[in-house]
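One structure below.
The values are calculated or read from the model by the stated rules, or taken from the named source; none is laboratory data. All values derive from a computational prediction rather than experimental measurement. All Cβ positions, glycine included, derive from the backbone under ideal geometry; neighbour counts span all protein chains shown. Just so you know, the surface numbers come from the protein's heavy atoms only, side chains and all, with ligands and any DNA or RNA stripped out. Shrake-Rupley method; radii C 1.70, N 1.55, O 1.52, S 1.80 Å.
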Amino acid sequence: MNYFHAGGNSGSQIELNEVILGPRGDEGNSSRAVHRQKREGPEWYIETMLGKAEEIPLVGSIARALPKFVSKRIEVIKKLRLSPACKEDTLKLYDDFAHLKPYAVKMFDATSKLPAAIFEGRWIWAGDYEQCQDAISDIIPETGRAIAGRHCFNEIILPKKIAKIFKFKYLKNPQFGSCQPKTCTRDDVLRLVRATLGDFGVKLKRGKCEKPLQYTAGSIVAMSVIGVFLFLMTVGSAIELVKMCLAGRDSGDHEEKSELTDPVISVVNGVEVATAYDIGIDIHEKIEQEELRDATCVNCGSRVTKFFLCFSLINNLRKMMSIPSQKSELSALNGIRVISTIWVIQGHMYQLIQQFTDNSLPYQEIRKRFDFQAVLNGTYSVDSFLLLSGLLVTYVCLKKLKQKNGKLNWGMFYFHRFWRLTPTFAFVLMGYINLRLLWYLNPVKYLKYQDISHAQCSTNWWANLLYVNNFYFWFDRSGKESDCMYWSWYLAVDMQCYIFSPIIIYLLYKKRRAGIGLSVFLILLCLALRAIIVEHYNILDPNGGATEHFETIYKHDRVLYDKPYTRMAPYLVGMILASILYTTKCKVKINKAVVVLGWLIAATTGMAVIYGRFGYTSRSLPMEEGEAIAYLTLSRFCWAMAVSWVIFACATGYGGAVNAILSWNVWVPLGRMSYCAYLVHPILLTSYNIGQPTMSHYTDFHYMLVFLGCVFATYVSAGAVSLLVEGPFMRLEKLLFTGEDDSNRANRKPRLELKPDTQDKKTSL
């Protein structure tokens, strides 16, 4: 603030306050001090400063020069072809600006100016959105309305000579934000901004203007649905509290005791995996129901009461946070699942933050660092998910097939999977379509998202719920393919692999060699297809798309990235690993030298996949064609093999410290929230990035703090969605097919447990 004083270093905020508020000695008067405190604030501060403009040299100089500037602008505006209301309000705005009316000063101050560091990629010149929104005049007698500010963006088309200087590889044209009267249309704004910037030899595109917040029918329905779920949760929790008080004890103690002694359940209670219920076992059998049900359970309450208890916050929270009383051989999968989820969050955060940073060009240089390769290659976390999914579905199914003498209700196998995933997916999708723009309150919102808010999802939401969204595309106005909830492609791929898994599972149970042979054949087919696609479309980057022979839908990474026939290899590796663990009962005797060699090969393979392209990324060069074919063909399969060794070693007792870390009990409740965390995290990341009043500035420290905060916020939000929707629907399924929910297990005999074989006999390798 020292620029407001002619005295050089004597100017300070204190001196400016003295000019505006009077000498500090006046504060001796208590009433004066109270009066000053009540009046101080942004609005009053501006008004008082402008009222004493002559006492502040710089402001006074500007104020004296304004009439001449305004008179020239008024003459220009009178010649423009504007709508009548816009022209009236704009002329009045300039006249009031010449007289330093506070609202007019705020509107001009809210308009963007040429910033520093444009060579670093600072191309979104937003101005001040909130100040523009707050600027409003008194009612003008001549027009009978007030002049209110409306924030707008116009894209500046730079001359080719200037554009070449900046090497626009990652950047679009600059965006100029201005504060205009609300009565001006987008065409009016274009003419006004063009009249201002036209002297600089730049061209402008018809821009976007902020639209008033509107509650659509969809948003009202979405909020009503959320309200219904909250009501059900409240009623269910109240009923559970009453039952607990009447019983004089926690009604869930017996549930935890029986539930947590099942090591398989404790491991596979997650999104991309299967529990004994998640694989759709035949829970209709009357014999098993009699074994699980006690005669006293008829007094547990009516079916309506049981329905409300499914939504009980108390019981669902207890289930979510419970820790198994004993660890399973597969407990390490909890840690792998959570770490993979955090890796996904980190990768998406990098992907989104580069769109909202004001130092885009230096940010691209960070890609060349060795330590940043793990972020760039975060897509391999999804291959870990596919591996876990194939492993656990197969492992649990093989155990159940043995118990049932080769019989399994395959109808329930499919129904449960759809029921397990779809209600929660639909709930998040509903909020994403109808509510996300309600909390995006800044100019970047409408610059990037206003026009595509409903276009992406309103026409093809059904493809997501049918899990075919990786094949069904929506095209924007530029012809670029797009989809609704772009990250949900993984759910489609996982579901498509799941649909075909019973063929291999049954073969692995009946004829193990044939099942393994078919799996190996499909893996080789997947790798061959990847090699053919990479060579034909000349794909040179794992995160890139076709560079040759591409049609519209293959401009980016659709052709290779999100298809089941190019991503099924890790899933199949997981199925083969499940067969090995099932056959050996996780009891394998391995020579120590082989164990050490296995860990060395796995670590080397994983490091090669993640850091193998560093020589190219450090120089911003594409891979050579032959190397690209080899890397893109084998990298995901090799990553799955490396993770498979980690799982195998931990399951068979050769994991050591790695198994101790991955089997940490803290991973268990976090693992149960993995599905919801995967669904909600991009929404939270986008909300943070575009929720800033200005573009963010990337630094490593800032990125680290934001990342940790986003991980925390993701799991808090995931827990809320899980408690509100996911947990209740899992219990509703049990109520639907058995007539009971988990809250009644206190009155049951202990259920039949699916435990691994505890024999000490080991298979030698």
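Specify which residue in the list 302, 392, 379 is farthest towards the positive end of the charge dipole of region 294-417, using unit charges on the beta carbon of Lys, Arg (+1) and Asp, Glu (-1), about the Cα centre.
302
Rolling a 1.4 angstrom probe over the protein chains, ignoring ligands and nucleic acids, what is the accessible area of residue 385 in square angstrom, nearest 10?
10 Å²
Would you grab the residues whose amide H sits under 5 Å from the one on residue 203? Only those 5+ places off in sequence or on another chain, please, with H modelled 1.01 Å from N.
Those qualifying (amide H under 5 Å, at least 5 residues apart or on another chain) are 157.
Full-extension gain between residue 472 and residue 565, please, as 0.36 nm times their residue separation minus the C-alpha to C-alpha distance. Intermediate results must be reported in sequence, preceding the final value.
Values: separation 93, 0.36 × 93 = 33.48 nm, distance 1.56 nm.
Here the segment from residue 472 to residue 565 would lengthen by 31.9 nm.
If you plug each phi of region 588-594 into the Karplus form 6.51 cos²θ - 1.76 cosθ + 1.60 with θ = phi - 60°, what whole-Hz ³J(HN,Hα) values come out, in order, with x for Gly and Pro?
In residue order, the calculated couplings are 10, 9, 10, 4, 4, 5, 5 Hz.
Taking H as built 1.01 Å from N, whose amide H comes closer than 5 Å to the amide H of residue 145, not counting residues under 5 places away?
Amide H to amide H, under 5 Å and 5 or more residues apart or across chains, residue 145 pairs with 140.
Rounded, prolate or oblate: pick one for region 197-244, where a ≥ b ≥ c are the square roots of the eigenvalues of its C-alpha gyration tensor, a/c under 1.5 means rounded, and failing that, prolate if a/b is larger than b/c, else oblate. Before the final figure, lay out the partial values.
Details: a/c = 8.88, a/b = 4.54, b/c = 1.95.
Prolate shape, in that a/c is at least 1.5 and a/b is the bigger ratio.
Could you tell me how far the Cα centroid of region 379-427 sits from the Cα centroid of region 640-703, in Å?
21 Å
So between residue 697 and residue 160, what do we pick up on full extension, going 0.36 nm a residue minus the alpha carbon distance? Display every interim value, and only then the final one.
Working: separation 537, 0.36 × 537 = 193.32 nm, distance 2.71 nm.
Full-extension gain reported as 190.6 nm.
In the full protein assembly as shown, how much of residue 143 is accessible to a 1.4 Å probe, in Å² to the nearest 10?
Here the accessible area works out near 40 Å².
Region 490-542 to region 561-579: how many Å between their Cα centroids?
Answer, in whole Å: 5.
What accessible surface, in Å², does a 1.4 Å probe find on residue 501, ignoring ligands, DNA and RNA and rounding to the nearest 10?
0 Å²
Which FRET efficiency, nearest 0.05, do residue 591 and residue 658 yield, Cβ-Cβ r, R0 25 Å? Before the final figure, lay out each step's value.
Details: r = 19 Å, r/R0 = 0.75.
Calculated value: 0.85.
With θ taken as phi - 60° and the coefficients 6.51, -1.76 and 1.60, list the Karplus ³J(HN,Hα) couplings across region 708-725 in order, rounded to whole Hz; mark glycine and proline as x.
4, x, 5, 4, 4, 5, 4, 6, 5, 5, 4, x, 5, 5, 5, 5, 7, 10
From the Cα gyration tensor of region 574-672, with a ≥ b ≥ c the square roots of its eigenvalues, which class applies: rounded if a/c is under 1.5, or else prolate if a/b is larger than b/c, or else oblate?
Values: a/c = 2.22, a/b = 1.84, b/c = 1.21.
Prolate is the answer for region 574-672, as a/c is 1.5 or above and a/b outweighs b/c.
Compute the distribution of all C-alpha to C-alpha distances in region 58-162, in bins of 10 Å from 0, and list the percent of pairs in each, rounded to whole numbers.
For region 58-162, the binned pair fractions read 13, 36, 36, 14, 2 percent.
Might you tell me the accessible area per residue for region 326-434, computed with a 1.4 Å probe and given in Å²? Write out the running numbers ahead of the final one.
On the way: 3000 Å² over 109 residues.
Ligands and nucleic acids excluded, the figure is 27 Å² per residue.
Could you check the spin-label model distance between residue 624 and residue 91? Points 7 Å from the Cα along Cα→Cβ, value in nm.
7.2 nm
In terms of the Cα gyration tensor, with a ≥ b ≥ c the square roots of its eigenvalues, is region 621-686 rounded because a/c is under 1.5, prolate because a/b exceeds b/c, or oblate? Working shown, then result.
Values: a/c = 3.44, a/b = 1.26, b/c = 2.73.
It is oblate, given that a/c is not under 1.5 and a/b is not larger than b/c.
Please list 3J(HN,Hα) in residue order for region 616-626, calculated via the Karplus relation 6.51 cos²θ - 1.76 cosθ + 1.60 where θ = phi - 60°; whole Hz, with x for glycine and proline.
Whole-Hz 3J(HN,Hα) from phi for region 616-626: 8, 5, 5, 10, 6, 10, x, 6, 5, 4, x.
Near the amide H of residue 586, under 5 Å away, which other amide H atoms are found, from residues 5 or more places off or on another chain, if H is placed in the peptide plane?
Sorted by chain and number, the residues that satisfy this come to none at all.
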